[in-house]
Structure formats: C-alpha cells, structure tokens
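Below is one structure, written out as structure tokens, with a few remarks after it.
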Amino acid sequence: MKAIQVYDVLRKPIITEKSTILQSGGKYAFEVAKAANKTQIKDAVEKAFKVTVISVNVMVIKGKLRRVGRGITLTPSKKKAIVTLKAGDKIEMVEGV
C-alpha cells in the first residue's frame, strides 16, 4: 500500500456560510483525501498552517443521484474533516470576504 504524503491529505478548504460560523469557535472544515485518517489529517494541518490541533472529526459525504438527460448518474463521494484548533490559534484562509 502506498503511503500518503502530508500535502496530498488536504484537498481544499470548505468555505460555506456554516463553516465560516464554525471559524469563530476555532473550527475549520477541509475536504480531505478518502484514504486519510485522523492522525494524518492532524499532522497535515499542523505542518501546513503552523498551528496546534486539538481534535479532528471526519465524515464521508456520499454522492447524490443526479439526472443528466434521460440517464441517472452518481456524483462522486467526498470526505470532509472538521479540525478544532487550540484557543488563540487561527488559520488565515479568506478573512474579510
């Protein structure tokens, strides 16, 4: 089995209304690789943003059925992680937008 690299773990930050509300409490949401586990996600966030991670919550979002013409397709499933940081730590993603 191939080892996953630190910077391959984090795909992109999730910036929605709900996730920006979570940021005020020190929680940040990321889309992560499907093969990544909690410890790999914690290490990746700590190395990429120079912060201290307290906890990581992970969820798998299953793909939805979508109609395309007469056919039905399935959108790809994703893995999402909500990372809680130590009080006082902050990730500067898109502040003030």
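Only the coordinates and a few stated rules stand behind these numbers; no lab work does. Being a predicted model, the structure only gives us computed values, none of them experimental. Counting neighbours? That spans all protein chains shown, and the Cβs are built from the backbone with ideal geometry, glycine included.
Using the Karplus relation 6.51 cos²θ - 1.76 cosθ + 1.60 with θ = phi - 60°, the per-residue 3J(HN,Hα) values for segment 51-62 come to 10, 10, 9, 8, 8, 10, 10, 10, 9, 9, 9, 6 Hz, with x marking Gly and Pro. Once backbone amide H atoms are built at 1.01 Å from N, Lys79 has Val32, Ile61 as its partners under 5 Å, excluding neighbours fewer than 5 places away on the same chain. The dipole here belongs to the chain: it is taken about the Cα centre, uses +1 on the Cβ of Lys and Arg and -1 on the Cβ of Asp and Glu, and is about 640 debye.
Projecting label points 7 angstrom from Cα along Cα→Cβ for Lys34 and Ser77 puts them 0.7 nm apart.
Sort the following peptides by mean Cβ neighbour count (other Cβ atoms within 10 Å, averaged over residues), highest first: 58-67, 7-16. Display every interim value, and only then the final one.
Details: 58-67: 10.1, 7-16: 14.3.
Highest mean packing first, the order is 7-16, 58-67.
Could you give the length gained on full extension between Ser55 and Val68, defined as 0.36 nm per residue of separation minus the Cα-Cα distance, in nm?
Working: separation 13, 0.36 × 13 = 4.68 nm, distance 3.97 nm.
Result: 0.7 nm gained on full extension.
Amide H contacts under 5 Å for Ile14: Ala29, Phe30, Glu31, restricted to partners 5 or more places along the chain or on a different chain, H placed in the peptide plane at 1.01 Å from N. Relative to the longest principal axis of the Cα atoms of the chain, helix 38-49 runs at roughly 60 degrees.
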